[in-house]
Amino acid sequence: MTPMNLKPKSTTQSLPSDAARLLVRETLRISADLASSSSSAAAEPSSAASAAAESAGLRPSAAANLGLIDEQFVGSSLRLICCEEVDGRRWEYFAENGGGRGGSKQFKNGSIRSVSLHSPQAPVEELMSFIRSYVVPEGFPDTVASSYVPYMTWRALKHFFGGAMGVFTTKTLLSSVGVSKNRATPGAVAINWILKDGAGRIGKMLYSRQGKKFDYDLKQLRFAGDLLLELGAGVELATSVVPHLFLPLACAANVAKNVGAVTSTSTRTPIYKAFAKGENIGDVTAKGECVGNIADLLGTGFSIMMAKRNPSLVTTFALLSCGYLLSSYHEVKSVVLRTLNRARLAVAIDSFLKTGRVPTLEEGNMMESIFNFPWSKERPVVLGSRFKDAFQDPYSYLGIEPIFEKERYVVTYNSSKGNIYALLKDQAKSDDILKAAFHAHVLLHILRSSPQCRSLPSKHEEVDQIMPFTDLEAHIAESYKMVSALYGPFKSKATEQGWVMSESLLNPGRARLCDAN
């Protein structure tokens, strides 16, 4: 016969751990408040917490093991001192009473204890929090612009492909030096390598004189610099085919790569500045460089594993170059700048004249072309030009000069060169330069819309056959009236869209018209 179990069953039901934890913490807080408000009551929060834990079906030792109350709290008299919050996680601090007479508020030295009001994070969450502290700025995403994430994604991909390419180019250069080494002494090989690096540094120094152009055409120069980096990598790989030409090829490659490096360094700060919402440009820069270094290391490791299988050098270079340039293009396109350079101003004015609205920051930056390199001469509008480039005879200038008597600029069209020229007077300020550029684009719009001038004439066509001077003067007068009516609304709508109109990066040149007297 099976013996009967006569042990009485407990009538107390155990609460879930979360409910028990909440009950103990609330009891601890209430008891601490009572202890601080009435010394005669001599309430003991830890004892009350222990009682609450027992009512929840937990022994005090079990509650301590679950992190509900610290074992040091059991049997002590505590008082709540303050609360603290760090990144959304809260703590409460208690101090133990010293048992002074007459309810004196004395505490034992070194008796401060902390109570965590949050559950411990899982190991995976702790790891992700650690990684985020290295790759994203503090307070992310509220402290950076919305375009920060796509930019850093493409930047990481670009550095991944760049790191992978670096392994193959270095291996090729070392191999080429090794071939040359059979005919030369080690000292000569070292001299060749030093000359290669020296040529690159000289190229970097000479290209640095571009100065303000890194601000005017930031995206265009940034992408051109990445093209030069890939060109330099291609030349370095070519040394494996003609190792006897190692020195001239390596020098040319290093010059191209150092010029690209100068461009990347010079345009880095303005880009990071566009992402920072407050005074956190240093934090944004540091985290951006950390992301680039991590991606570069990953690309290097990946390329080392690939190199062990001896892949085709041409195929590998083509694939890595395509990935690098594609990432570079999207990296540059994802940057949203608030200032107007020539490319973004042309987009904004063209949209305003055709639709009556100014594009948003995102639209204007996306429509900006980055393939019109700063050294390109195929530009319909020339801002801040020389007088001899804009006018071929004195009558063309004297005929339109009265139109711009009250302005600090002069706008004209030279059909022999096919360009519209905006000349600035010596009193021209920032707003005058912006207005001159706006006027030039308005005149361009009128000429292209005119039935007589469907297309701008080429340099080899006669002026009188394409556009009589009297008609040109009439078009310039018409453009002046349009500018007087539209320039104010254009600036107002552009400001509403977030464009910074007080500053512009239009690169107006240094030539100025001055008083002949």
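Filter the trypsin sites (Lys or Arg not before Pro) in the range 379-410 to those in DSSP coil with at most 10 other Cβ atoms within 10 Å of their Cβ, and list the result.
Here the trypsin sites (Lys or Arg not before Pro) that fit, given the DSSP loop and packing criteria, are LYS406.
Quick one: if the Förster radius is 30 Å, what FRET efficiency do ASP393 and ARG357 give, using the C-beta to C-beta distance and rounding to 0.05?
0.15
Length gain on complete extension for the stretch MET367 to LEU297, per 0.36 nm per residue less the alpha carbon to alpha carbon distance?
This chain segment gains 21.8 nm when fully extended.
Considering only ASN419, LEU345, SER369, whose Cα is most displaced toward the positive end of the charge dipole of the range 305-458, charges sitting on Cβ of Lys, Arg (+1) and Asp, Glu (-1)?
SER369
I want to check the label-to-label distance for ARG386 and LYS425. Put each point 7 Å from Cα in the C-beta direction and report it in nm to one decimal.
Taking the simple label geometry, ARG386 and LYS425 are separated by 2.3 nm.
In whole angstrom, how long is each semi-axis of the equivalent ellipsoid of the range 219-364, when you take the square root of 5 times every eigenvalue of its Cα gyration tensor and sort them from largest down?
Rounded to whole Å, the semi-axes are 36, 19, 15.
If the limit is 29 Å between Cα atoms, which of LYS333/LYS425; LYS212/LYS287; LYS388/LYS429; LYS429/LYS493; LYS212/LYS257; LYS277/LYS354 go over it?
Over 29 Å apart, Cα to Cα: LYS333/LYS425; LYS277/LYS354.
So, in nm, how far is label THR265 from label PHE140 when the simple model puts each one 7 Å beyond its Cα toward the Cβ?
2.6 nm
Spin-label point model (7 Å from Cα, Cβ direction): what's the MET482 to THR495 distance in nm?
According to this spin-label approximation, the distance is 2.4 nm.
At 0.36 nm per residue, minus the direct Cα-Cα distance, what do LEU206 and TRP91 gain on full extension? Give it in nm, one decimal, please.
Answer, rounded to one decimal: 35.6 nm.
So, R0 is 45 Å and r is the distance between the beta-carbons of ASP432 and SER129; what FRET efficiency does that work out to, to 0.05?
Step by step, r from the Cβ atoms, then E = 0.30.
Could you give the length gained by full extension between ILE81 and ASP471, i.e. 0.36 nm per residue of separation minus their alpha carbon distance, to one decimal place?
Here the segment from ILE81 to ASP471 would lengthen by 131.9 nm.
Tell me, what is the FRET efficiency for ALA511 and SER116 to the nearest 0.05, using R0 = 60 angstrom and their Cβ-Cβ distance as r?
The value I calculate is 0.30.
Hey, any idea what the orientation-averaged projected area of the convex hull of the range 217-290's Cα atoms comes to, in nm²?
5.7 nm²
Read-outs: derived from the displayed coordinates by stated rules, not from any lab. Computed from a prediction, not measured in an experiment: that's the story for all the values here. Glycine gets a Cβ as well: all are built from the backbone with ideal geometry, and neighbour counts include every protein chain shown.
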